[in-house]
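Enquirer: Here it is, the structure, as structure tokens.
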Amino acid sequence: MGSLTKKKTLAIMALSAMIGLLLLPIVVSVPALASGGGAPAGGPPPDVVKKEGGEGDKDKKIEKARDVYYKTEGIVSGLPAPKTGDNSKDYPRYNFESRVLLWFANQQHLYYGSFVLAVPIFCMVIEFMGVMTKDKAMGKKYDQLAYDFIKISLTAYSLTAILGGILIFTFLTLYPAFFGYLSSIFRPVMHIYALMFVAESGTLYIYYYGWDKMKEGFLKWIHLSMSVILNVIGTVLMFLANSWIGFMMSPAGVDEQGRFLGNIWHVIHTALWNPLNVHRILGNMAFGGGVVAAYAAYRFLSSKTDEERAHYDWMGYIAMSLGVAFLIPLPLPATWLMREVYAYRQQMGITLMGGLLAWLFIIQATMIGILFLSTNYYLWQALGRMRGAERFQRWIKYFVFLLVCGFLVFITPHTMVMTPAELKAMGGQQHPVLGNYGVMSAKNGGINVIITTTVLTFIWYQRGNRVPSVSWSKFGNIFMGVFFFFAYVNIIWLAIYGYFIPANVRVGLSVPQVATTLSCLFFMTALNLSMLKGAKQIGPIEWGKISVRSQYALIMLATAFTWMMGLMGYIRSSVRLFWHVNEIMRDNSPWAYTHTVGFAANMISFNVLFFWISIMFVFWLGTLAAKKAPVEAKAPVPGQAPQPAVGH
Amino acid sequence: MSALNNPVIAVIVSVIIAVSYFTFVDHALMDMQGLDYWYLFRK
């Protein structure tokens, strides 16, 4: 015990030293940051400054201006945002829409970036579980799993860097005026970003290549600590990148002409920065879980032996569980983000959810429904690998009924896309029948029914091959049944109640609806786990003995994640309409219009297809690497599933 | 605890807890937003 504490203390000290060294560049640059990054961002080149200085500092006028968001006064330290024109100087071009090229480069970089940020977080969690578990065999299995995860992300990491390079070159060559302005504002941030990227690369390579050398004792703790550092750096990197898109949507730290006012923190900390940060962390985790689950499914489907199938079945299950664990709370930061968008500019929120882009939200609802349907389908299939779970099969049809009802309500639109002639014939935007449906309280009811049913499916999965044996199990079962029943009643009641009260009261109903779902998630999962302590095993879990269809469900899940991410990225970006930087720098290129829903959907599908073809290549490369045989994958403890972070 | 294992008592107790809890959640969370959950009934 004393030795373990000593090792932990030393590991923490080593970790602190490493963090200190890695963050040193930021600490050193803090004075420069405080003054806006040394020389004024966006200001004239040094030789010009020298000349001006030569004319005498006495004559130099200090101009002050007001921050467009913070409303504070600051010294003007940069040039105004350039006023561009539709010419080849501001917008050099090929005989092709530049925006589409940029869209492609940006989306691919984001896909890979999200993936390589999420996977190390999974590695950290799984490696930690491996270190902490008392079962040595399970510890090795977790360690192997974490290694498998990081192995996939390593090749993807190189691709992320390459795509980042392509993205910058695309910006520089096709949107030089805009990128010049953005980099003049964010100059110090971009330099720190580059340094952090170097630090991340170094840490990742040491983490990966040092895996075998650092597998025991104190070195293992150091290794684990490095995964913490890796994730701290990765998260900071993402936050910095988010500050750029936050600035483009809700600029701050500049005056109304776009002149930098000397406070770089204001430029970073815009109205939407924090909601974007939280939303993206959870989104990346859900996406990463989906991609790793698809990788496991791919390996499962191409496995030649039972051992391999068992290992990749387990891997797919854990990745899916992690992904869904982050998917379920994802609507919360999404709501926060939308709320902040409305608070920042109401018109922007209306454009998103009630205007030009509203139909894309219907597509989003469909994708969310598909995500949950795939998850439930996978879990029902996964019951097949447990002996004793057959008793649940006959109830699945009722779950399907609930899910389909929730899904249909959730995707019902309030208005329809129509031609002017159709609009005239109908006498207005509101359809006489459809216009009664598709309001938010009903839609919230739909999605909450779907999520609650997913929670119920998880709970049943946890019980698959086990029967509670605690003395109060009868009461526990009845209480759980009653609680779920009234949760459904409450959600549906609130959805209906919304039709009878004014919109300004109705708007608040989403909060108790979400709280009801979360109550089921947290209370019922906790209750179930306490009931399953020392539960009677009625059969083993036979990893690898699962239908092939389940693996396609995992691939479907990952594809739906990817499509939805592309869709939401497009929505978030296109809400700026004809602005590069909202209300500061206008987009005067010939492509400053909003695409049709059909074109956007095709473009998103192309991006998804390209990503999956390229990531399949990455997966294939992974199989070429020296194979580490799965450790004792064949024989998990009979009747007991390996314990992932979430779920069974 | 043995009384709670009686199904009738268990159902009654569970219903009381669940209904009270969800009513409290609805009321409290609307109230926190400055909204009246009982709007329709007070009208």
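The values are calculated or read from the model by the stated rules, or taken from the named source; none is laboratory data. On a predicted model such as this, the values are computed, not experimentally measured, just so you know. Positions of Cβ are backbone-derived with ideal geometry, glycine not excepted, and every protein chain shown enters the neighbour counts.
Enquirer: State whether one or more residues within the range A:438-447 are closer than 27 Å to A:V507 by Cβ and in a loop (DSSP other than H, G, I, E, B).
Expert: Among the residues of the range A:438-447, at least one is closer than 27 Å to A:V507 by Cβ and in a loop (DSSP other than H, G, I, E, B), which makes the answer yes.
Enquirer: Out of all the residues in the range A:124-140, which are part of a helix (DSSP H, G or I) and either of a type in the set (F, W, Y) or surrounded by fewer than 24 Cβ atoms within 10 Å (Cβ to Cβ) (or both)?
Expert: Taking the range A:124-140 first, the residues part of a helix (DSSP H, G or I) are A:124-132, A:136-140.
Listed by number, the residues that qualify are A:M124, A:V125, A:F128, A:M129, A:G130, A:V131, A:M132, A:K136, A:A137, A:M138, A:G139, A:K140.
Enquirer: While we're on this one: So which of A:I363, A:I368 ends up being in contact (Cβ under 8 Å) with a residue 24 or more places away in the chain and buried (at least 20 other Cβ atoms within 10 Å of the Cβ)?
Expert: Going through A:I363, A:I368 in turn, the sole match is A:I368.
Enquirer: So, one more: Could you please let me know if A:A487 is among the small types (G, A, S) and within 11 Å of chain B (Cβ to nearest Cβ)?
Expert: yes
Enquirer: Go through chain B and report how many residues are of a type outside the set (D, E), assigned to a helix (DSSP H, G or I) and at the interface with chain A (Cβ under 7 Å from one of its Cβ atoms).
Expert: Number of matching residues: 15.
Enquirer: What do you reckon, is A:F500 closer than 12 Å to B:S14 by Cα and either among the β-branched types (V, I, T) or without any contact (Cβ under 8 Å) to a residue 12 or more places away in the chain (or both)?
Expert: No: the conditions fail for A:F500.
Enquirer: Looking at the structure I just gave you, is A:S243 farther than 16 Å from A:G113 by Cβ, of a type in the set (S, T, N, Q) and in the same structural domain as A:R339 (by TED's automatic domain parsing)?
Expert: Considered against the rule, which asks whether it is farther than 16 Å from A:G113 by Cβ, of a type in the set (S, T, N, Q) and in the same structural domain as A:R339 (by TED's automatic domain parsing), A:S243 comes out as no.
Enquirer: Then there's this: Select from the range A:374-398 the residues that are surrounded by 21 or more Cβ atoms within 10 Å (Cβ to Cβ) and not in a helix (DSSP H, G or I) and list them in ascending order.
Expert: Listed by number, the list holds a single entry, A:M386.
Enquirer: Determine whether the range A:453-469 contains at least one residue that is within 14 Å of chain B (Cβ to nearest Cβ), β-branched (V, I, T) and either in contact with a helix residue (DSSP H, G or I) (Cβ under 9 Å, 6 or more places away or on another chain) or over 23 Å from A:A515 (Cβ atoms) (or both).
Expert: No: the range A:453-469 contains no residue that is within 14 Å of chain B (Cβ to nearest Cβ), β-branched (V, I, T) and either in contact with a helix residue (DSSP H, G or I) (Cβ under 9 Å, 6 or more places away or on another chain) or over 23 Å from A:A515 (Cβ atoms) (or both).
Enquirer: Right, something else. Of the numbered conditions (1) over 30 Å from A:S302 (Cβ atoms); (2) crowded, with 19+ Cβ neighbours inside 10 Å; (3) under 23 Å from the mean Cα position of the chain (by Cα); (4) among the hydrophobic types (A, V, I, L, M, F, W, C), A:C520 fails exactly one; give the number of that condition.
Expert: (3)
Enquirer: Given the conditions (1) surrounded by 21 or more Cβ atoms within 10 Å (Cβ to Cβ); (2) touching a strand residue (DSSP E or B) at 6+ places or on another chain (Cβ under 9 Å), which single one is not true for A:N448?
Expert: (2)
Enquirer: Between A:Y593, A:Y499, which is within 14 Å of another protein chain (Cβ to nearest Cβ) and hydroxyl-bearing (S, T, Y)?
Expert: A:Y499
Enquirer: Could you tell me whether the range A:584-600 includes any residue that is basic (K, R) and under 30 Å from A:M248 (Cβ atoms)?
Expert: yes
Enquirer: Another question, then. Can you name the number of the only condition in (1) free of Cβ contacts under 8 Å to residues at least 12 places away in the same chain; (2) away from every other protein chain (no Cβ under 14 Å) that A:I478 fails?
Expert: Just one mismatch for A:I478, condition (2).
Each row is one residue, and each column tells you yes or no for (1) in a helix (DSSP H, G or I); (2) basic (K, R); (3) on the phi < 0 side of the Ramachandran plot.
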residue: A:V400; (1), (2), (3): yes, no, yes
residue: A:L403; (1), (2), (3): yes, no, yes
residue: A:F407; (1), (2), (3): yes, no, yes
residue: A:F410; (1), (2), (3): yes, no, yes
residue: A:H414; (1), (2), (3): no, no, yes
residue: A:V417; (1), (2), (3): no, no, yes
residue: A:E422; (1), (2), (3): yes, no, yes
residue: A:G428; (1), (2), (3): no, no, no
residue: A:H431; (1), (2), (3): no, no, yes
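Enquirer: Restricting attention to helices (runs of 4 or more DSSP H) lying wholly within the range A:499-617, give those where 3 or more residues are modelled with pLDDT under 95 and not assigned by TED's automatic domain parsing to the domain that holds A:T453.
Expert: So the answer is A:548-574.
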